[in-house]
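The values are calculated or read from the model by the stated rules, or taken from the named source; none is laboratory data. Keep in mind that this is a model prediction, so the values were computed, not measured. All Cβ positions, glycine included, derive from the backbone under ideal geometry; neighbour counts span all protein chains shown. Areas reflect the complete protein model, heavy atoms only, side chains present, ligands, DNA and RNA absent. Shrake-Rupley method; radii C 1.70, N 1.55, O 1.52, S 1.80 Å.
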Amino acid sequence: MFFLYNLLVHFVGFLLKIVTLFHPKIKLFIDGRKNVFEQIKQKISSTDKTIWFHAASLGEFEQGIPVMEKIKIKFPNHKIIVTFFSPSGFEVRKNNSMADLTIYLPLDTQQNAKQFLELTHPEMVFFIKYEYWPNYLNELKKRQIKTYLISGILRNNQVFFKWYGGFYRKCLTAFDFFFVQNESSKKLLQSLGFQNIKISGDTRFDRVVSILERDNSLNFIEEFKNNTTTIVIGSSWPKDEELLVNFINNSSENVKFIIAPHNIKSEQILELQKSITKKSILFSEWESNVQTGRDLSLREYDVFIINTIGILTKIYNYADIAYVGGGFGNPGVHNILEPATFGIPIVIGPNYSHFAEATALVNMEGCISISNQNELNETFSNLLSNEDIRYEKGHICNTFVQMNKGATDAILNHLDNDNL
């Protein structure tokens, strides 16, 4: 089975090189891995002490940040290496200040795994949430390098729990300890004979709780809001925007909207702006005016379209209601914990069942799921007209976040007890 797996990996690697001719994202995936080993040689010496974190993409990296921060304090003389599998994660966070080296993870071949570990020689390894690469895990086990899964999620439809999944089940023996998010993940691992498990929760809660300790002020958003009830729409997709724009165009004058689309390509942003009949402005327009010294009052606008990245979290600080996009697509809704930590009611689309925090908040009624235009109109109208309901639902969201923090400390306490 191991032979067939390695054959498949080499075949996929060859196939992807052909696909790069037609697919820009796959081109990033391949091109980004071309000089990885040279990058390691330039940044990591044979005498360096290192700790390696692997994230599939952006969301997993965000989950890992609280642990990385504590690890950097606990091991100040170690270099932190972060690897990504996906271009969508790497391209956004390749210049992060958390790691000493941020690179793509080379494809999971036996040769790559050996060379990567020879050059990085980590003392500890943290895989975040999921991604189980057999050759890397096999090599980590051979070298007796302490390896942990953090914020792990296991589901019974994964290959480990199929009759043909023996090869993958064996890979799990490389982990010294599993820090999982919930009871069902623990039981699934126990069904395979593992006992080295702790339900530590999700480190994302620690990540979003720490947001409240920072300066979240944005003067230009405060000027735009102008003490007006404001709906912040985060990470929206066209299917979300179709319903939202209809509501915006028919809304009263005593409400403002901030839209931060998931995709900020200029043609899609302009199409979005064109569909809005209310007085709207793009972030890039406002920024251009500021840079040229022109006087422009944001108070005059009803809709502010944020065609930049990196400020949505702070914008949620100014929301009276949040709509989080993605819930009309697959796999579903984007991160709802960031608005939740600010204590505001959240509205999402119907596809959220794969996300435990969304499911929990919908059941607790801090978050409202809508499926069509009528439900969206009714939900927004109720929230806008009743401040008490907004406060109640927002309080549920904030309390939920506060009650679920502590995963990072659970992980670090275990490491202390493990004599690291």
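Miscellaneous remarks
- Selection count, segment 80-107, where residues are over 13 Å from the mean Cα position of the chain (by Cα), under 13 Å from Ile30 (Cα atoms) and assigned to a loop (DSSP other than H, G, I, E, B): 4
- Residues of segment 79-101 satisfying the condition of being open to solvent by 30 Å² or more (accessible area, probe 1.4 Å) and touching a strand residue (DSSP E or B) at 6+ places or on another chain (Cβ under 6 Å): Lys79, Lys94, Asp100
- Some residue of segment 371-382 being among the hydrophobic types (A, V, I, L, M, F, W, C), in the same structural domain as Asn246 (by the TED database) and either farther than 28 Å from Leu218 by Cβ or crowded, with 20+ Cβ neighbours inside 10 Å (or both): yes
- Pick from segment 177-193, criterion in a strand (DSSP E or B) and either without any contact (Cβ under 8 Å) to a residue 60 or more places away in the chain or outside the structural domain of Phe167 (by the TED database) (or both), ranking: surrounded by the fewest Cβ atoms within 10 Å (Cβ to Cβ): Phe178
- Counted residues, segment 219-260 - those being in a helix (DSSP H, G or I), open to solvent by 10 Å² or more (accessible area, probe 1.4 Å) and farther than 17 Å from Gly349 by Cα: 6
- Checklist (1) in contact with an Asp or Glu (Cβ under 9 Å, 6 or more places away or on another chain); (2) modelled with pLDDT of 95 or more; (3) not hydroxyl-bearing (Ser, Thr, Tyr) applied to Ala356, failing item: (2)
- Any hit, segment 353-369, residues being open to solvent by 10 Å² or more (accessible area, probe 1.4 Å), under 16 Å from Leu244 (Cβ atoms) and either polar (S, T, N, Q) or assigned to a helix (DSSP H, G or I) (or both): yes
- Qualifying positions in segment 393-420 - out of contact with any Ser or Thr (no Cβ under 8 Å at 6 or more places or on another chain), among the polar types (S, T, N, Q) and under 24 Å from Ala358 (Cα atoms): Thr399, Gln402, Asn404
- Any chance Gln144 is over 30 Å from Thr399 (Cβ atoms), in a helix (DSSP H, G or I), out of contact with any helix residue (DSSP H, G or I) (no Cβ under 8 Å at 6 or more places or on another chain) and at pLDDT 95 or above: no
- Residues that are of a type outside the set (Gly, Ala, Ser) and either closer than 16 Å to Arg204 by Cβ or touching a strand residue (DSSP E or B) at 6+ places or on another chain (Cβ under 7 Å) (or both), drawn from segment 320-330: Asp320, Ile321, Tyr323, Val324
- For segment 242-292, the candidate set comprises residues that are closer than 29 Å to Asn386 by Cβ and of a type in the set (D, E, K, R); within that set, the residue that is modelled with the lowest pLDDT is Glu253.
- In segment 208-218, the qualifying residues are those that are of a type in the set (A, V, I, L, M, F, W, C) and either assigned to a loop (DSSP other than H, G, I, E, B) or over 26 Å from the mean Cα position of the chain (by Cα) (or both), and the one that is modelled with the highest pLDDT is Leu218.
- Boolean, Asn263 is part of a loop (DSSP other than H, G, I, E, B), surrounded by 20 or more Cβ atoms within 10 Å (Cβ to Cβ) and touching a helix residue (DSSP H, G or I) at 6+ places or on another chain (Cβ under 9 Å): no
- Looking only at segment 19-45, and only at residues there that are part of a loop (DSSP other than H, G, I, E, B) and closer than 18 Å to Ile103 by Cβ, the one that is most open to solvent (accessible area, probe 1.4 Å): Lys34
- Residue tally, condition touching a helix residue (DSSP H, G or I) at 6+ places or on another chain (Cβ under 9 Å) and assigned to a helix (DSSP H, G or I), over segment 112-141: 16
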